[in-house]
1. Find how much the distance from C:Asp123 to C:Asp337 grows on full extension, using 0.36 nm per residue of separation minus their present alpha carbon separation; answer in nm with one decimal.
2. How large is the direction-averaged shadow of the alpha-carbon convex hull of segment D:39-118, in nm²?
3. Report the net charge of residues surrounding D:Ala323, where surrounding means a beta-carbon distance below 10 angstrom and charges are Lys +1, Arg +1, Asp -1, Glu -1.
4. Note down the net charge around A:Thr293, summing +1 for each Lys or Arg and -1 for each Asp or Glu among other residues with Cβ under 11 Å from its Cβ.
5. Taking the label point as lying 7 angstrom from Cα along the Cα-to-Cβ axis, what are the distances from A:Ser223 to the corresponding position in the remaining copies, in ascending order and in nanometres?
6. Quick one: putting +1 on the C-beta of Lys and Arg, -1 on the C-beta of Asp and Glu, what dipole do you get for chain A around its Cα centre, in Debye to the nearest 20?
7. Just to be sure I follow: if Rg is taken over the C-alpha atoms of the protein assembly as shown and Rh is the Kirkwood radius over the same atoms, what is Rg/Rh?
8. Given the rotation that superposes chain A on chain C, what residue of A brings its beta carbon nearest the axis, and what is the distance in Å?
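What follows is calculated from the coordinates using simple rules that are stated; it is not laboratory data. The shown structure was predicted, so the numbers you read here are calculated from the model rather than taken from an experiment. Positions of Cβ are backbone-derived with ideal geometry, glycine not excepted, and every protein chain shown enters the neighbour counts.
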4 protein chains.
Amino acid sequence: MENDRIIRVGVVGATGYAGAELCRLLYGHPAARLAAISSVSFEGQALSDVYPAYLGMCDLVCETQADVVEKSDVIFAALPHGLSQDLAEECMEKGKAFIDLGADFRLESEAEYHEWYGGEFKDKSLHGQAVYGLPELFREKIKTTKLVANPGCYTTVVPLALVPALEKGYIEAEGIIADCKSGVTGAGRKPAQNSHFPELNEGLSAYKVANHRHTPEIEQTLSKIHGAPVKITFVPHLLPVNRGILATCYARLKPGVTEEMLRAAYEARYGDETFVRLLKPGRSADIHNVKYTNFCDVSLFVDTRTGTFIAISALDNMVKGAAGQAIQNMNLIFGLDETTGLLQVPPAF
Amino acid sequence: MENDRIIRVGVVGATGYAGAELCRLLYGHPAARLAAISSVSFEGQALSDVYPAYLGMCDLVCETQADVVEKSDVIFAALPHGLSQDLAEECMEKGKAFIDLGADFRLESEAEYHEWYGGEFKDKSLHGQAVYGLPELFREKIKTTKLVANPGCYTTVVPLALVPALEKGYIEAEGIIADCKSGVTGAGRKPAQNSHFPELNEGLSAYKVANHRHTPEIEQTLSKIHGAPVKITFVPHLLPVNRGILATCYARLKPGVTEEMLRAAYEARYGDETFVRLLKPGRSADIHNVKYTNFCDVSLFVDTRTGTFIAISALDNMVKGAAGQAIQNMNLIFGLDETTGLLQVPPAF
Amino acid sequence: MENDRIIRVGVVGATGYAGAELCRLLYGHPAARLAAISSVSFEGQALSDVYPAYLGMCDLVCETQADVVEKSDVIFAALPHGLSQDLAEECMEKGKAFIDLGADFRLESEAEYHEWYGGEFKDKSLHGQAVYGLPELFREKIKTTKLVANPGCYTTVVPLALVPALEKGYIEAEGIIADCKSGVTGAGRKPAQNSHFPELNEGLSAYKVANHRHTPEIEQTLSKIHGAPVKITFVPHLLPVNRGILATCYARLKPGVTEEMLRAAYEARYGDETFVRLLKPGRSADIHNVKYTNFCDVSLFVDTRTGTFIAISALDNMVKGAAGQAIQNMNLIFGLDETTGLLQVPPAF
Amino acid sequence: MENDRIIRVGVVGATGYAGAELCRLLYGHPAARLAAISSVSFEGQALSDVYPAYLGMCDLVCETQADVVEKSDVIFAALPHGLSQDLAEECMEKGKAFIDLGADFRLESEAEYHEWYGGEFKDKSLHGQAVYGLPELFREKIKTTKLVANPGCYTTVVPLALVPALEKGYIEAEGIIADCKSGVTGAGRKPAQNSHFPELNEGLSAYKVANHRHTPEIEQTLSKIHGAPVKITFVPHLLPVNRGILATCYARLKPGVTEEMLRAAYEARYGDETFVRLLKPGRSADIHNVKYTNFCDVSLFVDTRTGTFIAISALDNMVKGAAGQAIQNMNLIFGLDETTGLLQVPPAF
């Protein structure tokens, strides 16, 4: 590939966890080059001063957001909710691609956005351009846009567990439960009491029970697949591990549906997907097996005693649940092979 | 208390985790004295050679099972399944109390026992004497027996989460889901690949999905409370922490039932229970807060969007889920205050 | 024991980790009663609101410092450095015992205190009354005072490893190295970047290399034992565990000294000490074996290839390194058996 | 690069941790291809059956050792000690390169090999061909051989911490201490009591104190650099983390040596080394910052109070301490850029 074809990439909010993970993954991307990064808190400092792990590898100095836009073909934004809308508008005006790792463009309903995030849609036409960046479900639309709303972690792992069964009508759309367990990087870089080592270590609890902001986003995706409104019960838990989400999803089986039928549906749906790995019968997904990579492992079980379908999926919340998926979206937008730069073997230990 | 009133306690299988935990807790019991311990694997060795943590505190040497029976008023058995029946018979004949931490006497139905454990009831009359030792539910019957089937860990944490709601008829008995997460001590002392540090650490997966032996035992308890057969979907997960179980239980609310009604039912049911702590609205149970103690924390939530009741409970699988509850049962049998020797403050970190 | 003999205990700074640990341990003390607690940050709140683990066990509400002094026979202060001097003076005036878990009274040399902490001795006569509260070394003096400077964690674990060898003149006083590894509770309750779970977990680094404030305090103790100034090289490391310190101490052996001589010296010195456990040859101290208890395990090795003595000791930084030792000092001051309320079996897992 | 230039790589002992790590890293190597793997225990099974993390990425089936030799240009052996000598001979005869991750060829002295490992040199001429594969010290010799003795983990991290100071004569060669802390993968894949999760987690202890087999290997390297025999005191500790070694090394400074002089020596020595990162003054190496990569971080301190030099180094024991360094050696042997396939950014969390 010639040098002028290399995609110049900018990361706004590079010193947060999602931003830093983007920088780590982009280093190994053969068709992209990290052109500029910004951080409000660390402007003028090298990324490797904030993260000494990056020393000698990512020593880029944080500039301003304007610098990043100027120097890049595609801008990734890893910003607190509400700060992406203006930036997206600017990028669109300048003909840059924009991939938002925040929530500003994820919900199509302004009412829901207002209910769960408290904000407004500043420019409705902009929201009309945004495509929800879950490639395994919306690949073709992603290829046509320059504005991607990159899904959150829970909102990737739950739909990937349920979609084939729902799509085929094998499960009841009512009564779905998603019991999720997340590593602590999902809560970000800022120290807090519940992520203080001695208080999280050797513990486990639920949080925002049936009240988490990702609920309407998961429902939006499932409703599209189902063709009618779907409501779910979503309970997240905070795990004492750095990375990874495990989603244990429960749904009532429709009469006559067997494990074989379900397995066939998942194989058909995901057979060509590089990043979704359907596990053998009897094996459960494990966050251990997807760490640091863009894979989402999916495993299927049927409780014949109660007529319950159980789908257990796992991904790395910072990769397939954030930065890796964002790069997957970039690859689609720029016409690259979707897996470019994302094929690492998960460490076995 | 005079010396001749001190209960002489024996532990058979003292070098397994449940047995060792019994010894730890009994050390601080003011009305009991560890009289003898046995271990097939470590006969002739001091317990503190096997567990150096116990040095100077529990230096008792492992004897034979016969020695233990001879020297004790009450025998705790922490044995692999199937080995307790003969021992129980011997204890009954000699007029000793017997508290079984294994599964041999837990299931009342021999057919279920055969289905899930593969064994037979050697002496049916003995099984008729056994009382299921979950004191918060069956206290009065426990006081009348000398043969206690001490529940397992999951089989304590799930019923304590659900009983008040089920008892009041506030939830549907059909469709109950128990998504449980257990610390690794639940799998015992024997090293295995899935408890090898590098392969469990930073991981999380489910195991024995909808297929775990504790399922019929949980159902037996819930069915008694409900007055009709209850079947549940039970999925356990293996957590990278030493101790603790968190049970996230889901049930469909009956029409018209509110969070206030549920809370009132739980307060009424557990208000006098020392070891069940009902948490304030909005707070989730956390295994961090019950470690090393006999408490079971219970927290309640209602998902009004979907009509789902969510009860989250936590306990230490080695204490309230095994050795602590066994001592609670001993206290009941011997007419002591139920909490004797069991009132430690859980470490906050 | 009659009620009027029960010691009324107050804890100033009860919501920090050392303060909270005091409350936990005092709950089980048969001759003391937690009479009042204070906290600047949480005044008016129950301790169990700050630490939900304590629910139903330590529900005392935080009052003012003045309330605590008023209601107590002995005041434990777990305060930031510099805040104990005025409080100590007030307690002495009112005839109360005062046990300071901070550093204000630990160093006998005001010059050293100024150099390492930046403060002054407000009332020199008060400093003259203070006794350094390391019972295994200074028991008799502690019994005579009402003002105890309770040692820090490193300053207990290092001297206990070295004193018998130094006292006997078996090692060179020059060139001693203490390579210490501490659990993160030693850094306190306040969240910080280096104790944020994802950045400490799966990591290990040194901090304040050859520059830690505990250096002069360790040297003060060793110099007293040696009868001449001792300087050491002290390097602490931060471990991804909650509790515990392991000190690996190195010293050059004097000619002709053998492992047997060393072992005999340690046995003689610590044979009657309940809280110091000398391990068998070949076994290393492990922080796993002292957690949640007041034990300090000591293990000895000789590297005959290089003529080096290696003493490895372990304790729980929150118990023998803080709250437990403070209670041990209280017991001494009030004429109780030194071990009262402190004899728990360390959990084996 | 044309297909016929791709190096065909074989791994003998592929299902142990070092072997599996080789497979993971080789997947991303642009000039090498994993041609065949073998495993005595798992012959006929896919690597991804043993390590589900590798599913879809490393599904190669384990063959026999003979198959591996036949199909490969270079053979990596990750075998128990003593099993490499015959294999090395076979490879040399067939003109294949051989890189041994075991200890058979590391010690040049047969007497030392016999003393520490109990074996003999079967073919002394073979040992004469072997080059010790620590590229930063012996790069030029490695380029000339086809038989590499790849160093162990401790034996890489300690010399890299000390060599520049020793080489310049800035430290005394006598009295060097290496206090090392290792993640548990260093002990291999086989479950054992001391790596059983509940007994390692939240613990820390030393093992093989002043008695570890890596001692003579470290001394061999330091002696070569020093030009005279060097003996050290080496104490390893087992950390409750998966990966990484931190070495805290102590040496007496020669008179007049300053931190600036030391720093200049290290900068000169390592300025051109990609994989050795010298940290800024005041920053300690942290195993967190090198995980999953081939970097060795080195940090320097001087304790002017005692005249002690403190060098703290960190690496990933499975990468720079095993598989990564082995690939670095392969690159040198085959005339590739030494860093090929090894430039990953360490994850920051």
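1. On the way: separation 214, 0.36 × 214 = 77.04 nm, distance 3.22 nm.
In short, 73.8 nm is gained.
2. Working: hull surface 25.1 nm².
Taking the Cα atoms of segment D:39-118, their convex hull projects to 6.3 nm² on average.
3. On the way: positive: D:Arg24, D:Lys320; negative: D:Glu21, D:Asp316.
Computed value for this residue: 0.
4. Working: positive: A:Arg243, A:Arg277, A:Lys291, A:Lys320, D:Arg24; negative: A:Asp297, A:Asp316.
Every neighbour counted, the sum reads +3.
5. 4.2, 7.4, 7.6
6. On the way: 33 positive and 43 negative charges, 153 e Å.
Using only the charged Cβ atoms, the result is roughly 740 debye.
7. Details: Rg = 31.9 Å, Rh = 33.2 Å.
In the protein assembly as shown, Rg relative to Rh is 0.96.
8. A:Pro191, 2
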